[in-house]
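Step one of this worksheet: look at the structure below.
The values are calculated or read from the model by the stated rules, or taken from the named source; none is laboratory data. Note that the coordinates shown come from a computational prediction; the quantities given were computed from them, not determined experimentally. Here the Cβ is made from the backbone with ideal geometry for all residues, glycine too, and neighbour counts use every protein chain on show. Quick note on the areas: whole protein, heavy atoms, side chains included, nothing else; ligands and nucleic acids left out. Shrake-Rupley method; radii C 1.70, N 1.55, O 1.52, S 1.80 Å.
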Amino acid sequence: DDAARERLFGLVKPFFLRRTKEEVAPDLPALTEQYFYSEMDEQQHKRYDKIKSAMRNEILSLFDDPKSRLMALQALMRLRQLANHPVLVEAEYEGGSGKFDDVMAQWDVIKRAGHKVLFFSSFEKHLQLFRKRFEDEKIPYAWLTGDTPTAERYKAVKRFQEDAGVQAFFMTIKAGGVGLNLTAADYVFVLDPWWNPAVESQAVARAHRIGQTKPVTALMFISRDTIEEKILVLQEKKRQLGKAMFE
């Protein structure tokens with residue numbers, strides 16, 4: 001509704017002072033953002049479609065029930081987890097994940113080239129899968145989630161920034177997406193999309209900020225033919241709404 005949008009913008013504009021990153025730090029190196037589309041593993045695809053259909057039928061059967069809204073939210077959460085790796089939903093799952101394999105393949109290339117990478121996910125359980133692989137292969141890493149004590153948080157940041165042997169830093173997007181200076185990294189992996197694009201931008205800004213001397217590349221990993229593609233559409237609508245406010 002264009003009229004409603006204009007009324008809203010008229011109300012909020014007096015309270016906004018916009019300063020873009022380019023205005024504040026014109027000497028920042030380039031930031032490149034890319035979407036990396038992964039094909040789901042065959043077993044993963046079957047599990048995703050089966051659970052999506054079952055959830056849809058259950059929600060439709062209770063459409064007028066107030067509980068259907070909560071069920072829909074739970075369904076969306078499960079589908080997001082399935083798009084990452086079915087083991088996040090079904091502990092007994094023994095198949096693979098297309099996204100997991102692609103992330104590890106990209107990491108291997110970047111690691112061999114000597115770069116440092118920030119890994120962000122909405123789900124700690126998702127990060128734990130990568131953590132286990134790293135530990136199995138005896139690859140050093142740093143770790144930060146909402147449960148990390150303040151003192152350990154500082155140590156993790158310092159270790160990543162100063163130890164050349166620590167090339168990976170795993171963080172939940174809410175715990176590590178703000179307030180950190182991680183300019184030792186020049187790659188950022190966003191392992192799953194978040195509903196609000198500003199949250200992802202804040203996460204990428206942990207590396208692309210004042211003090212960074214190298215170009216930064218952000219890779220957003222998306223499982224094809226899943227809810228993640230719909231989240232991207234929603235993100236773009238929000239992004240355009242935000243831009244329109246300052247036109």
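Of note:
- Binned Cα-Cα distance frequencies in the range 13-101 - 10 Å width, integer %: 14, 28, 19, 18, 18, 3
- Derived scalar couplings ³J(HN,Hα) [the range 98-104; Karplus, 6.51 cos²θ - 1.76 cosθ + 1.60; whole Hz; x for Gly, Pro]: x, 5, 4, 5, 5, 4, 5
- Within the range 79-215: Cβ-based charge dipole about Cα centre, in debye rounded to nearest 20 (Lys, Arg +1; Asp, Glu -1): 580 debye
- Label separation (ARG112 vs PHE9): 5.0 nm, computed from points 7 Å beyond Cα along the C-beta direction.
- Whichever lysines have a C-alpha closer than 18 Å to that of LYS214, once near sequence neighbours (fewer than 8 apart) are set aside: LYS21, LYS111, LYS116
- Annotation for the range 194-239 versus the range 72-110: alpha-carbon center distance of 18 Å.
- Given 10 as the ceiling on other Cβ atoms within 10 Å, longest exposed-site-free region of the chain for chymotrypsin sites (Phe, Trp or Tyr not before Pro) in DSSP loops: 64-245
- Amide N proximity, the range 186-223 versus THR32 label position 7 Å along Cα-to-Cβ, cut-off under 11 Å: 215-219
- Rolling a 1.4 Å probe across the protein heavy atoms gives the chain an accessible surface of 56 Å² per residue.
- The range 115-168, Rg to Rh (Cα coordinates; Rh as Kirkwood inverse mean 1/r): 0.94
- Where a label projected 7 Å from the Cα of THR213 along Cα→Cβ would reach, residues of the range 135-171 with amide N under 19 Å: 158-167
- Given R0 = 41 Å, the distance between the Cβ atoms of LYS243 and ALA105 translates into a calculated FRET efficiency of 0.75.
- Under the combined filter of DSSP loop state and at most 11 neighbouring Cβ atoms within 10 Å, the range 92-180 retains these GluC sites (Glu not before Pro): GLU92, GLU94, GLU137.
- For the residues PRO215, PRO29, PRO149, a GNM of the chain with alpha-carbon springs under 10 Å puts the largest fluctuation on PRO149.
- Residue among LYS116, LYS67, LYS132 with the largest mean-square fluctuation in a Gaussian network model of the chain, springs linking Cα atoms under 10 Å: LYS67
- Segment ALA91..ALA198, full-extension length gain: 35.3 nm, with 0.36 nm per residue of separation and the alpha-carbon distance subtracted.
- In the chain, the calculated helix contribution to ellipticity at 222 nm averages -16000 deg cm²/dmol per residue, counting -39,500 (n - 2.57) for every DSSP H run with n ≥ 4.
- Surface composition of the chain: carbon plus sulfur atoms contribute 54% of the solvent-accessible area (1.4 Å probe, protein chains only, all chains present).
- The fraction of all Cα pairs in the range 159-245 landing in successive 10 Å bins from 0 to the largest distance is 16, 43, 30, 9, 1, given as whole percents.
- Amide proton proximity set for ASP186, modelled H, under 5 Å, gap of 5+: LYS116
- Difference of contour (0.36 nm per residue) and Cα-Cα distance, ASP49 to LEU70: 5.5 nm
- The 1.4 Å probe gives accessible areas that order SER122, SER201, largest first, as SER201, SER122.
- Modelled FRET efficiency - R0 25 Å, GLN128 with LYS230, Cβ distances, 0.05 increments: 0.45
- Summing Cβ point charges (Lys, Arg +1; Asp, Glu -1) relative to the Cα centre of the chain gives a dipole of roughly 700 debye.
- Listed values (1) 38, 22, 16; (2) 33, 22, 17; (3) 30, 28, 16, entry calculated as semi-axes √(5λ) of the Cα gyration tensor in Å: (3)
- Cα centroid separation, the range 15-46 to the range 119-180 (Å): 20 Å
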